[in-house]
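Asks: I'd like to ask some things about the structure below.
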């Protein structure tokens, strides 16, 4: 039976019955919710207007300054990394108990994270070249390919964090709060040096900022695994709301009294950014969001006990990476199909009509994405490669893949300045890195649908999926 056929036969009742009693359903729901919030946030921020008969694409944040506050809602990657810490703690404990090496750990994480990138790159490079041959402006094509690939940025940061899990989790076991405090202090130091103008050092906060949030996820896993032990995370809704208030309060101070921008994502033309490189404002945002998430766990968990609700989370969540990686392509397709043809009302400014049409815009993008996801969803089932890399190849592969992704995100998948338009250097780095990580190799066994909520092989555990032995919780 194929993966698609197997998935189609599952009912909500089947999924609910197959889910271990100890599974943290709320973690899965948070993972899915965070991705969906980012998707709809990106669709909202894209302002496509018609100026003198030509399509113009700008960021809403550069058009209306008040929307910078909306990023406090739509920038929810801190929630993703927090849940990632929970999932990686569970998965690493299981892998360590089975004797999985560091190289195999990195390979398994890389295959699950990076394999879904392949069709995005394979599709957009020839499409970009074809559009230029058809007479589309090369700079516009470069911009479109950059928009399509830009969601991949966080996979590079997350791969770095996942690669370091064997070290960071050991540090957590030795000193739970000490390890978290160490990440926070390093983030503060790097942030201050970056503000003072020390070259390049700020980029290391991709590890320290996101790593600190990931360490907090380890604490959440501890609280679930050993609920009888008092942990540093609040156990009550009131305590969680107090953490949220403290986080958002600190964020207000940093942005209104300090020198940090209100926007939690980059704004074109701004002198500073909170996410490129990450600033300590993201840590304050993370505290606020984590506090709110923990405060809502009780009612959300009760809701997730309903088979239909839980079944929807499982089936949709199994395609999380596909949804994330292709949502900007879906938006580009909608814009290209509807605006030039007159099927969508062309606007010159962001006015009341533009805002009133946003729900319809979201709906159109959702339909386009729903058509794309079944085509490429199979790439989320990474399988196990036929060979195992050495530690050196795994480490070098992770470095090259991360660097290649970063360069492609900043430059796009079409470069007008080259004869072919192909970004050969970053593409070569990515391909070589993926090859050394075993991502390009055919799986040793066919893809399959893992038992909903049940145990999975170490290589088959999704990066954000705590599908490990229930007893390890």
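Asks: Arrange the peptides 98-110, 345-357 so that the one whose residues have, on average, the most other Cβ atoms within 10 Å appears first.
Replies: Output ranking for 98-110, 345-357: 98-110, 345-357.
Asks: Turning to a different aspect of this structure: Cα centroids of the range 85-157 and the range 158-182: how far apart, whole angstrom?
Replies: 24
Asks: Just grab the label-to-label distance for residue 245 and residue 203, each label 7 Å out from Cα along the Cβ direction, in nm (one decimal).
Replies: 4.2
Asks: Could you give the length gained by full extension between residue 256 and residue 51, i.e. 0.36 nm per residue of separation minus their alpha carbon distance, to one decimal place?
Replies: Length gained between residue 256 and residue 51: 70.3 nm.
Asks: So what is the diffusion coefficient of the chain in µm² per second by Stokes-Einstein at 20 °C and 1.002 mPa s, using a Kirkwood Rh over Cα pairs?
Replies: Details: Rh = 23.2 Å.
It diffuses with D of about 92 µm²/s by this estimate.
Asks: With n ≥ 4 as the cut-off for DSSP H runs, can you work out [θ] at 222 nm for the chain, using -39500 (n - 2.57) per run divided by the number of residues, rounded to the nearest 500?
Replies: It comes out at -20500 deg cm²/dmol, rounded to the nearest 500.
Asks: Taking square-rooted eigenvalues a ≥ b ≥ c of the alpha carbon gyration tensor, is the range 77-200 rounded, prolate or oblate, where a/c under 1.5 means rounded and, failing that, a/b exceeding b/c means prolate?
Replies: oblate
Asks: Efficiency by 1/(1 + (r/R0)^6): what FRET value for residue 130 and residue 175, r their Cβ-Cβ distance, R0 = 56 Å, to the nearest 0.05? It would help to have the intermediate numbers written out before the result.
Replies: Values: r = 55 Å, r/R0 = 0.99.
The calculated FRET efficiency here is 0.50.
Any read-out appearing in this document is the output of simple, stated calculations on the displayed coordinates, not a laboratory observation. What you see is a predicted model; the values in this text were computed from it and never measured. Note that each Cβ is placed from the backbone with ideal geometry, even for glycine, and that neighbours are counted across all protein chains shown.
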